[in-house]
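The values are calculated or read from the model by the stated rules, or taken from the named source; none is laboratory data. Computed from a predicted model, the values in this text were never measured in an experiment. For neighbour counting, all protein chains shown are included, and Cβ atoms are generated from backbone atoms with ideal geometry for every residue, glycine included. Surface areas here come from the heavy atoms of the whole protein model, side chains and all, with no ligands, DNA or RNA. Shrake-Rupley method; radii C 1.70, N 1.55, O 1.52, S 1.80 Å.
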Amino acid sequence: MRFRQESAEILTSSMRALVTGVLCVLMVEQPMVAAAAVTKPVGSSAKQIQRQERVLHALNRFTFGPRPGDIAAVEAMGVQRWFEQQLNPSSIDDSALEARLAMFPAMKMQQAELVRRYPSPQVLRQMIARNAPLPSDPVEHAIYADEIAFYKAQMAKQEAKKAEAGQDAAKGGAEMMAPAMAKDAEGEKDKTALPGDGVDPGIPAMATHEEQFYSGLEAVKIINLPPDERMQRILAMSPKELVAFRRSLSQAELAEAAEGLSPMQREILAALSGSPRMIGAELLQSRMLRDIYSERQVEAVMTDFWLNHFNVYVKKNQNEPYLLPAYERDVIRPHALGKFEDLLVATAKSPAMLMYLDNWQSIGPDSVAAKNAPRAAQFAKDPQVKQALKDRGLNENYARELMELHTLGVQCEVSQDHPVSALDKACGRGYTQQDVTQVAKVLTGWTITQPVCGGEFQFDERRHEPGDKTVMGTVISGTNFIEPRGPGFGIGARRYAGGGCGEPMMVGDQQGMNEGLRVLHMLATSPATAKFISTKLAVRFVSDTPPPALVDRMAKAFLASNGDIKAVLRTMFDSPEFWSPEVYRAKVKTPEEFVISAVRASGAEVTNAIPLVQALEKLGMPLYGMQTPNGYSWMAEPWVNTGDLVSRMNFALGLSSDRIPGVQTDWTRLLGQTSPGMEPATLTTGPANEATAAKERKLELMLLGQPVSDRTRSTVVQQFQNQDMQQQAVKDFPIRPNEFEPMAQVLNPAVLKQQSRPPLDREAAMMAGLLLGSPEFQRR
């Protein structure tokens, strides 16, 4: 037995060594490609890429990668006409995508409605603390009742665990038990953590073995009820009964329970076991599906660009997941191809940004709110007011990032060699730490009404710093606000009647608001901003080291058009540097670009995008997952190392062999189509090696739009029958169900339906996986 175990271990080790060796041989060119992308100078020579390469280049840079048939379609339309059409997304029919996104009704709700219907943990805590009545609406009543019960049970479980740990500590010595308690608490945190949430109000261990309400047969009887009657029966369940009902269902039965329900009903069913999880699942899936399937690809790519530029971290706190749907839908996407100043103002007013960079809590040192704070403390019974009092004072976080990351660029260093008066000439920025402080004072009062309730932007004069401010040598005239109604309640002037969400927030006059708008205008129209934004766009779309002449041309277009993003993109698109042979296939894909382009190239059908979201996490680029405000890098250097590239290959092999749950390919169907520029190949006749070679070359053109190197082709042909390597790749890059998986099954019951699954062409799948993981596919 021992000999067999040792033999198995040796075989497994040998197989992993073989897999790594093959992957390294296939990817050996990649570091050199990345280095070339970073260091190769880009000129504006007369020589430009032509014909089909021109189409492929445009699709690789301005979309998330071409799908089967895209190259031929754009070639027939003309690349210039295609680009102009993409710059006007409203002219493009995207109804097919909207049909897919119809399964996520919450993503179309206004912010306040979203929080009201699907309460966050903070809303639940507030209701529990105030002993507030449940909503009268039957659906909302059921959601609140279940989630409050789940929340209380979870908190009781945590308290019991702490008490148990305390008893153990008393027995064994507090000092000896402290590490174990910390480890235990951390483990509990991991089990209950949600995006932006520290406590899971989802299904806890409420129902004990003595509290089982259902046998499998009784649960199935409910599943077999007509959809509306079934939904009413589930809504009528008590929280404990609902837990027992769900626990009695298999995954397939859970999907059957959602069968026939409307998208809204499925969403409600998912929310009964935890609104934060449901919101998180919809937020991540809808963004991934939009990037994969939208016909408005330039808009999708630019939305992604600005979401990264104006980065907001989903786990900042418990409210951010509820604020991000409106941030993407109402702030970023509508302005992605508009005027930069409009986009800048929209982000400055966005509750998601105000909360992420803490400006909603910023209070002028000499404001009415600051002066009344001590008196307000005695009236502060509301948790949010108490928190505001705790964090009162001027907050410079947003002002600093507004100047450094959103507009002007990195701050210049003030010294004797570069005094303030010479800053603009020295580095083109022209601001100091003192300017950051002044901008922070200008933006005091830009806050959120009742943030726990999904409030909207509000300018609160009481928080605003009075008097004049000087920003980069320009005097911003201020006013001196006088409290019109006596001392009031100070911080935010909130007047609560003791209830929850939906109450008005009293504010002063709108004086002072124009100060902030004036500063935003000054920043948006600055030559430094034009150059900074143009440089970032050129790095994203042209080269890691864009030529200065191109950036200058784009910056001039920015200023001449008053920050028209379309005009800047047109200038870049029409520049010889964009079409230079030096930049063709020279950009290395980020993990997000790689995963989405692989799915698009494969023509895969996605019924559950959560596993693709997990893949991005494994590759180091989770959606909304950048904690610092600088966003992810568009350059090659952070993404090019042996471990990450091998992980990309493992993902590609898993995708091509249908090992990614909820994502299904059909290589037989695709191989039956004719690739552009290639005659149909007869794959079932002739010598085996000729048929294999024909299939491989056809896959090259289908997936990459052009032939690969001899090294890559040789490796693909030699290894396409190595199923052990494919299995090992799946083991090394596992995609297992996570906390969002039950939500995906309820929101889209088709996730578990595989009856119509086409037979897998294993040879084509293996070849496709190796090609998708190849150096050529890593570049765009």
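List of remarks:
- Estimated inter-spin distance, M264 and D358, nm [label 7 Å along Cα→Cβ]: 4.1 nm
- Over the range 525-585, relative contact order from alpha-carbon pairs under 8 Å, at least 6 apart, %: 33 percent
- Distant-in-sequence amide H partners of D564 (H built 1.01 Å from N, under 5 Å): F340
- Within the accessible area of the range 89-165 (1.4 Å probe), percent carbon and sulfur: 57 percent
- Of K162/K316; K316/K371; K536/K556; K316/K587; K531/K589; K589/K618, pairs whose Cα-Cα distance is over 21 Å: K162/K316; K316/K371; K316/K587; K531/K589
- The range 635-660 residues near the modelled Q723 label - backbone nitrogen below 18 Å, point 7 Å along Cα→Cβ: 653-660
- For T479, the residues whose amide H sits under 5 Å from its own are G467, ignoring neighbours fewer than 5 places away on the same chain, with H placed 1.01 Å from N.
- Loop chymotrypsin sites (Phe, Trp or Tyr not before Pro), the range 614-650 (other Cβ atoms within 10 Å of the site Cβ: 14 or fewer; DSSP): none
- Solvent-accessible heavy-atom area per residue, rounded to whole Å², over the range 437-484 at 1.4 Å: 30 Å²
- Peptide ranges 117-128, 90-101 listed from the most packed, as the mean C-beta count within 10 angstrom indicates: 117-128, 90-101
- Rolling a 1.4 angstrom probe over the protein heavy atoms with all chains in place gives the range 501-622 an accessible area of 30 Å² per residue.
- Distance in nm between pseudo-label sites at V410 and A72 (7 Å out along the Cβ direction from Cα): 4.9 nm
- Rounded to 0.05, the FRET efficiency of the L760 and T470 pair, given R0 = 41 Å and the Cβ-Cβ distance, is 0.05.
- Amide H contacts of I448: Q458, each under 5 Å away and 5 or more positions distant or on a separate chain (H built 1.01 Å from N in the peptide plane; Pro and chain starts excluded).
- Taken one residue at a time, the phi angles of the range 268-280 give Karplus couplings (6.51, -1.76, 1.60, θ = phi - 60°) of 4, 4, 5, 5, 4, 9, x, 4, x, 5, 5, 4, x Hz. Gly and Pro are set to x.
- 3J(HN,Hα) along the range 121-133, derived from phi through the Karplus expression 6.51 cos²θ - 1.76 cosθ + 1.60 where θ = phi - 60°, amounts to x, 5, 4, 4, 4, 5, 5, 5, 4, 8, 6, 6, x Hz, with x in place of Gly and Pro.
- Take the Cβ atoms of E241 and I92, set R0 to 60 Å, and the FRET efficiency comes out at 0.80.
- Rounded percent of accessible protein surface that carbon and sulfur make up, the range 254-370, 1.4 Å probe: 48 percent
- Our estimate of slack between R81 and H521, defined as 0.36 nm per intervening residue step minus the Cα-Cα distance, is 155.1 nm.
- A Förster radius of 60 Å combined with the Cβ-Cβ distance from E690 to D137 puts the calculated FRET efficiency at roughly 0.35.
- Phi-based couplings in Hz for the range 595-606 (Karplus 6.51, -1.76, 1.60; Gly and Pro marked x): 4, 5, 5, 5, 5, 5, 5, 6, x, 5, 9, 9
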